[in-house]
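Below is one structure. I have some questions about it.
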Amino acid sequence: MDFKKTKGLTDAPLHYCPGCTHGIIHRLVAESLEELGVLDRTVGVASVGCSVFTYNYFNCDMVQAAHGRAPAVATGIKRARPDDIVFTYQGDGDLAAIGTAETVHSAARNENITIIFVNNAIYGMTGGQMAPTTLPNQITQTSPYGRDVTVVGYPVKVCEMLSQVDGASYVERVAVNNVKNIMKAKKAIKKAFQNQIEGKGFSLIEVLSTCPTNWGKSPADAIKWLDENMATYYPLGVYKDKEATKND
Amino acid sequence: MAKVTFNEDRCKGCGLCVTACPKKIVQLSNRMNSKGYHPAEITNQEACIGCASCAIMCPDTVITVQMK
Ligand SMILES: Cc1ncc(C[n+]2csc(CCOP(=O)(O)OP(=O)(O)O)c2C)c(N)n1
Ligand code: SF4
Ligand code: SF4
Ligand code: SF4
C-alpha cells in the first residue's frame, strides 16, 4: 500500500524520545482530521506533559491549556464556536490526576468534544514519577520499590470509570503496540471525530502508549512491556457506545 | 513492486520499523545522520511486499512507501 506523511502534521521534527509512541498517536489524529476534511476548522487543545508542544505539530489551530484543564478549555471553545471541531490531547498525569474533575464533568455534561488520552503509566515530562495509572508494583522514580497499593492506592481505570457516566457517548481503549492495533486505534480515533461532526457528544479514546525513557527500556522492550503488563491490566475494547446500545 | 524511502535526517534509530517488517529487510545502518542516530535503511528493495508495516510503526513518519 502507498504510505506518505499526512498533511495534518506540520514539517516540524517531533521532540519526543526515540521510539516514543506519542508520535504514532499524533499521526493517527492528524490523518483522521485530514481524511474527514476538517483540518481548517479544527482547534486542538494541548495539555501539560511531554505533549505540551503538540501545537507545533498539528496542522490546525491550537491552544495550550493549564495542567489538567484542557477539557474545560475545549468546552469553552466548542460552546462559543459550535461548528469547529475541538479536541484535547492529554497524558495520564494531566487527565487522570490534576484534571480528573474536568474529565469526569465534561463527560457528565456530554460536551460535544473529542479527547485523546495518552496513557503511558508514568509522568514522562517531569522525569518518571508515579502516575495515577502506574501499575501495581511498577517501579518509578517515586515508587523505587514498586507501587505499593496498600499505601498509595490502586490505578485509576479511566475508560471503566467513564463508562458509568451517563453523559459519555463513546469511550474506547486502544493501543499502539503493533500494526494491527495501530489500525484499530486509527479507526477508533476517526470515529471519535466523526461522532463530534454528527453532534453525538463526548468521545474519549484512551491510547496505551510507551515511555521507553522513563520505563528504562529500549523502544522494542517498551512495546513488549506494554503488551505483557499494560494491556492485561487495562483491557482494550469499547467501554461505551451510546449509539450502538440505543435500541437495546 | 514497492519502493520504500527514508527521510534519513528525521530518523531517531529507534528500530521499531526493524521489528515491524515481516520480511526482515529493514536494519539500522552504520552511518550516522545529522542528529547522531544510526538511521534505518532497507537491505533488499526487491523483497519488499509494500505492506507499509514499517511506516505505520514509525513514530516520526520517516518512511514513505510507494507502489509502482
Ligand atoms: C499546576 C502544575 N502542577 C504540576 C506540574 C508539573 N507537571 C508537568 S508535566 C506533569 C505530568 C505529565 O505527565 P503526563 O500527563 O502523564 O504526560 P507525559 O509527559 O507522560 O506524556 C506534571 C505533574 C505543572 N506543570 N503544573
Ligand atoms: S519522556 Fe517518555 S513520554 Fe516523554 S517523550 Fe520521552 S519517551 Fe515519550
Ligand atoms: S513495506 Fe513491508 S516489507 Fe517493505 S520494508 Fe516496509 S515492512 Fe518491510
Ligand atoms: S521507526 Fe522511524 S525513527 Fe525509528 S528507526 Fe525506523 S525509521 Fe527511524
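The values are calculated or read from the model by the stated rules, or taken from the named source; none is laboratory data. Here the structure is a predicted model, which means the values were calculated and not measured. Backbone-built Cβ (ideal geometry, glycine too); neighbour counts: all protein chains shown. Side chains included, ligands, DNA and RNA excluded: accessible areas come from the protein's heavy atoms. Shrake-Rupley method; radii C 1.70, N 1.55, O 1.52, S 1.80 Å.
Out of all the residues in the stretch A:202-225, which are over 15 Å from A:CYS17 (Cβ atoms) and under 17 Å from the mean Cα position of the chain (by Cα)?
Answer for the stretch A:202-225, where residues must be over 15 Å from A:CYS17 (Cβ atoms) and under 17 Å from the mean Cα position of the chain (by Cα): A:PHE202, A:SER203, A:LEU204, A:ILE205, A:GLU206, A:VAL207, A:LEU208.
Look through the stretch B:25-68, keep the residues that are acidic (Asp, Glu) and either more than 7 Å from chain A (Cβ to nearest Cβ) or not in a loop (DSSP other than H, G, I, E, B) (or both), and return whichever of them is least open to solvent (accessible area, probe 1.4 Å). Break it down into steps so the answer makes sense when it comes.
Just the residues of the stretch B:25-68 that are acidic (Asp, Glu), to begin with: B:41, B:46, B:60.
Subset that is either more than 7 Å from chain A (Cβ to nearest Cβ) or not in a loop (DSSP other than H, G, I, E, B) (or both): B:41, B:46.
Details: B:GLU41: 42, B:GLU46: 134 Å².
This residue is B:GLU41.
If you go through the stretch A:55-73 one residue at a time, do you hit one that is within 14 Å of ligand 2 (Cβ to nearest atom), over 16 Å from the mean Cα position of the chain (by Cα) and farther than 21 Å from A:GLU34 by Cα?
No: the stretch A:55-73 contains no residue that is within 14 Å of ligand 2 (Cβ to nearest atom), over 16 Å from the mean Cα position of the chain (by Cα) and farther than 21 Å from A:GLU34 by Cα.
Right, something else. Looking at the stretch B:49-68, which of the residues that are more than 11 Å from the chain's Cα centre (by Cα) and either of a type in the set (A, V, I, L, M) or more than 16 Å from B:ASN7 (Cα to Cα) (or both) is nearest to ligand 1 (Cβ to nearest atom)?
My answer is B:CYS51.
Do any residues in the stretch A:1-20 that are facing chain B (nearest Cβ under 7 Å) have Cβ atoms under 8 Å from those of residues that are aliphatic (A, V, I, L, M) and in a loop (DSSP other than H, G, I, E, B), where the two are at least six apart or on different chains, and which pairs are they?
What qualifies is A:MET1/B:ALA52; A:ASP2/B:ALA52; A:PHE3/B:ALA52.
Tell me which residues, restricted to the stretch A:106-123, are open to solvent by 40 Å² or more (accessible area, probe 1.4 Å) and either without any contact (Cβ under 8 Å) to a residue 12 or more places away in the chain or assigned to a strand (DSSP E or B) (or both). Steps first, answer last, please.
Filtering the stretch A:106-123 down to residues open to solvent by 40 Å² or more (accessible area, probe 1.4 Å) leaves A:108-110, A:123.
The one that is open to solvent by 40 Å² or more (accessible area, probe 1.4 Å) and either without any contact (Cβ under 8 Å) to a residue 12 or more places away in the chain or assigned to a strand (DSSP E or B) (or both): A:TYR123.
Also, quick follow-up: What number of residues within the stretch B:13-24 are more than 12 Å from every other protein chain (Cβ to nearest Cβ) and β-branched (Val, Ile, Thr)? Outline the logic, then answer.
Just the residues of the stretch B:13-24 that are more than 12 Å from every other protein chain (Cβ to nearest Cβ), to begin with: B:23-24.
Applying the additional criterion that residues be β-branched (Val, Ile, Thr) yields none.
Residues meeting the conditions: 0.
Here's a follow-up. Would you mind telling me which numbered condition in (1) more than 12 Å from chain B (Cβ to nearest Cβ); (2) open to solvent by less than 60 Å² (accessible area, probe 1.4 Å) A:ILE197 fails?
The one condition A:ILE197 does not meet is (2).
Picking from B:LYS23, B:LYS35, which residue would you name as being away from ligand 1 (no atom under 16 Å from the Cβ) and within 25 Å of A:LEU9 (Cα to Cα)? Spell out the reasoning first.
Numbers: B:LYS23 fails: within 25 Å of A:LEU9 (Cα to Cα).
None of the other options fit; the residue is B:LYS35.
Looking at A:VAL156, A:VAL171, can you tell me which residue is part of a strand (DSSP E or B) and more than 16 Å from ligand 2 (Cβ to nearest atom)? Before you say what the answer is, go through the steps one by one.
Details: A:VAL156 fails: part of a strand (DSSP E or B).
Residue meeting the stated conditions: A:VAL171.
Please state which of the following conditions B:ARG10 fails to meet, knowing it meets all the rest: (1) at the interface with chain A (Cβ under 10 Å from one of its Cβ atoms); (2) open to solvent by 50 Å² or more (accessible area, probe 1.4 Å); (3) over 16 Å from A:GLY23 (Cβ atoms); (4) out of contact with any helix residue (DSSP H, G or I) (no Cβ under 9 Å at 6 or more places or on another chain).
In the conditions (1) at the interface with chain A (Cβ under 10 Å from one of its Cβ atoms); (2) open to solvent by 50 Å² or more (accessible area, probe 1.4 Å); (3) over 16 Å from A:GLY23 (Cβ atoms); (4) out of contact with any helix residue (DSSP H, G or I) (no Cβ under 9 Å at 6 or more places or on another chain), B:ARG10 misses (3) alone.
Considering A:THR88, A:THR75, A:THR134, A:THR126, which residue is at pLDDT 95 or above and either touching an Asp or Glu at 6+ places or on another chain (Cβ under 6 Å) or assigned to a helix (DSSP H, G or I) (or both)? Full working, then the answer.
Details: A:THR88 fails: either touching an Asp or Glu at 6+ places or on another chain (Cβ under 6 Å) or assigned to a helix (DSSP H, G or I) (or both); A:THR134 fails: either touching an Asp or Glu at 6+ places or on another chain (Cβ under 6 Å) or assigned to a helix (DSSP H, G or I) (or both); A:THR126 fails: either touching an Asp or Glu at 6+ places or on another chain (Cβ under 6 Å) or assigned to a helix (DSSP H, G or I) (or both).
After applying the criteria, what remains is A:THR75.
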